[in-house]
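The values are calculated or read from the model by the stated rules, or taken from the named source; none is laboratory data. Remember, predicted model here, so these are calculated numbers, not experimental data. Cβ coordinates were reconstructed from backbone atoms using ideal geometry, including for glycine residues, and neighbour counts include every protein chain displayed.
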Amino acid sequence: MPENVQFQKDIKITLQYNMDSIAGTSEDDLYLAYQDDKGFWHRHIMTTIDKTSKKLTAQTRHFSDWTLERIFYIKITNDDTYLEANDELGLIAFWKNVKQGTDSLVEAAPIPDKNMETWFTTGPGTFTKPKQNATVFKAPASIPHRNEIAVGLRIRNMVSPRHPDRPGNGGLAIVQIPVILLPEEYFIWTVDGQTISPIRRTPLRWGMLPHL
């Protein structure tokens, strides 16, 4: 169907997301976005979210290409988020805003350092630059057992246009990602002559659905 088709009444657009789709962001920062006939993307501010069924829905009267987009998100510089003792994980905080007075999306950019309250972790580990948009998280020197933690950041006074019922309109946004701390491997398996680690890294996939 051509992109310039206009409908007589509102139709409903729904996209489903999964945990891979929101890696590095939060559900509250997920929106639907559409592309106009000139190739520009627009955030649909009134996107509703059903966290139980993991669906995003928007009402529209035009046919366009639609996708998921995120306001705030964390980009990792490693292949995965599985860390052993003293491993390091590079982190960069980004945001995607809209042009003032419009719903047109601008290119993603690092969050200004002045709006970075702090990086945080729910478990052991340290940050090289806890109040800057780019930092390195270092796993502890000793990991006695497998530990699933969160690594994230608190952002202040950056209110990008969003649904009025969504958290974040008060000026505080929190974004985090899961990190798995792995202990030393004390034994290995051998299957058909091939050595296999009992606990080994599975790369974190950054989304089954396309997103901006």
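Pick out the one residue from Glu107, Glu69 that is surrounded by 14 or more Cβ atoms within 10 Å (Cβ to Cβ) and of a type in the set (Asp, Glu). Can you show your working first?
On the way: Glu107 fails: surrounded by 14 or more Cβ atoms within 10 Å (Cβ to Cβ).
That would be Glu69, the only listed residue that is surrounded by 14 or more Cβ atoms within 10 Å (Cβ to Cβ) and of a type in the set (Asp, Glu).
Could you list, in sequence order, all residues of the stretch 46-65 that are over 13 Å from Lys12 (Cβ atoms) and modelled with pLDDT of 85 or more?
Ile49, Lys51, Thr52, Ser53, Lys54, Asp65
Within the stretch 23-55, how many residues turn out to be in contact (Cβ under 8 Å) with a residue 40 or more places away in the chain, assigned to a loop (DSSP other than H, G, I, E, B) and either closer than 27 Å to Asn133 by Cα or not β-branched (Val, Ile, Thr) (or both)?
Final tally of qualifying residues: 8.
Which residues, counting only those in the stretch 113-165, are of a type in the set (Gly, Ala, Ser) and under 22 Å from Tyr82 (Cα atoms)?
Of the residues in the stretch 113-165, the ones of a type in the set (Gly, Ala, Ser) are 123, 125, 134, 139, 141-142, 150, 152, 160.
Gly123, Gly125, Ala134, Ala139, Ala141, Ser142, Ala150, Gly152 - these are the residues of the stretch 113-165 that are of a type in the set (Gly, Ala, Ser) and under 22 Å from Tyr82 (Cα atoms).
Okay, residues lined up against (1) farther than 30 Å from Pro140 by Cα; (2) touching a His at 6+ places or on another chain (Cβ under 8 Å):
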site	(1), (2)
Phe63	yes, no
Glu69	yes, yes
Asp79	no, no
Leu83	no, no
Ile92	no, no
Asn97	yes, no
Pro112	no, no
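Does Thr102 satisfy the criteria of being of a type outside the set (Lys, Arg) and either crowded, with 16+ Cβ neighbours inside 10 Å or assigned to a strand (DSSP E or B) (or both)? Write out each step before concluding.
Details: of a type outside the set (Lys, Arg): yes; either crowded, with 16+ Cβ neighbours inside 10 Å or assigned to a strand (DSSP E or B) (or both): no.
Considered against the rule, which asks whether it is of a type outside the set (Lys, Arg) and either crowded, with 16+ Cβ neighbours inside 10 Å or assigned to a strand (DSSP E or B) (or both), Thr102 comes out as no.
Listed here are the residues, each with its yes/no results for (1) part of a strand (DSSP E or B); (2) modelled with pLDDT under 90; (3) on the phi > 0 side of the Ramachandran plot.
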position: Glu117; (1), (2), (3): yes, no, no
position: Phe120; (1), (2), (3): yes, no, no
position: Pro144; (1), (2), (3): no, no, no
position: Val151; (1), (2), (3): yes, no, no
position: Pro161; (1), (2), (3): no, yes, no
position: Ile174; (1), (2), (3): yes, yes, no
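Matching residues to (1) surrounded by fewer than 16 Cβ atoms within 10 Å (Cβ to Cβ); (2) modelled with pLDDT under 90; (3) out of contact with any Lys or Arg (no Cβ under 9 Å at 6 or more places or on another chain):
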{"site": "Phe7", "(1), (2), (3)": "yes, yes, no"}
{"site": "Asp10", "(1), (2), (3)": "yes, yes, no"}
{"site": "Gln16", "(1), (2), (3)": "yes, no, no"}
{"site": "Asp29", "(1), (2), (3)": "no, yes, no"}
